[in-house]
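Notes follow the structure.
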Amino acid sequence: MEQKTTAKIKILPAQIDNHYRGLKISQYAFFLITAVTLVRSLIHVFAPDGGAQSIATIPLDSYSAEAASTVILMFSLWGLSQLLMGIVYLGVSLKYRSLIPAMYVLVIFEYAMRIVIGQMKPILTTGTAPGSIGSWIMVPVCAVLLALSLIPAKSSKQV
């Protein structure tokens, strides 16, 4: 009796290389997440208000100058941490694609914790910040993308 063998993709592969083994849509989506992460981080670092008022709708103009400066600094530092994660994502996208499933775990954890922390420590805004909506979207979407990244592609030729 012939026994079937199927390749399994693990979140942390036995060998870290540039061979992505999952479904291509998940890989391409990760490239998009990488680009968005890098752009968003640079906005937080270089925008005059760190994106706090112009994007997140935090009413900095109603704060004292010192308080507004503190919020802007915090947003800029947050942008720096996003930039560092984006550089890691870029490295995975370019050289270590077998780690894409593991990166999805990090993305899910990051966005889920944004939701939790945002609920624990809410901040007054004049509108709905895109990031607050995005977190609720990213968690389930990235969970699906993680699952797709763990399904072996039928073709051995990968991008």
Revision key, fill the gap. Packing-ranked peptide list from 123-129, 98-104, highest mean Cβ count within 10 angstrom first, is 98-104, 123-129
Review point. Residues of the chain: accessible area per residue at 1.4 Å, in Å²?
Key: 62 Å²
Exercise for review: Roll a 1.4 angstrom probe over the protein heavy atoms and tell me the percent of accessible area of the chain that is carbon or sulfur.
Suggested key: 71 percent
Practice item. Could you work out the local net charge near Ala56, counting Lys and Arg as +1, Asp and Glu as -1, over the other residues with Cβ closer than 13 Å to its Cβ? Key: +1
Practice item. At q = 0.12, 0.16 Å⁻¹, work out log10 I(q)/I(0) for the chain with the Debye formula, treating every Cα as an identical point scatterer and leaving solvent out; two decimals please. Key: -0.60, -0.91
Exercise for review: When you have a sec, figure out the Kirkwood radius of segment 102-143 from all distinct Cα pair distances and drop it here in Å to one decimal?
Suggested key: 10.7 Å
Study note, to complete from the structure: Taking the chain, the lysine pairs whose C-alpha atoms sit under 18 Å apart (8 or more places apart or on different chains) add up to 11
Exercise for review: Grab the DSSP H runs of the chain that are 4 residues or longer, score each as -39,500 (n - 2.57), total them, divide by all residues and round the 222 nm result to the nearest 500 deg cm²/dmol.
Suggested key: -21000 deg cm²/dmol
Exercise for review: Please determine, in degrees from 0 to 90 and to the nearest 10, the orientation of helix 24-46 with respect to the longest principal axis defined by the Cα atoms of the chain, where the helix direction is its Cα long axis.
Suggested key: 20 degrees
Point to revise | Segment Tyr28-Ile43, length gained on full extension (0.36 nm per residue, minus Cα span) | key: 3.1 nm
Study note, to complete from the structure: On the formula 1/(1 + (r/R0)^6), with r taken between the Cβ atoms of Gln119 and Ile151 and R0 of 25 Å, the FRET efficiency rounded to 0.05 is 0.15
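The values are calculated or read from the model by the stated rules, or taken from the named source; none is laboratory data. All values derive from a computational prediction rather than experimental measurement. Note: ideal-geometry Cβ built from the backbone for every residue, glycine included; neighbour counts use all protein chains shown. With ligands, DNA and RNA removed, areas are computed over all heavy atoms of the protein, side chains included. Shrake-Rupley method; radii C 1.70, N 1.55, O 1.52, S 1.80 Å.
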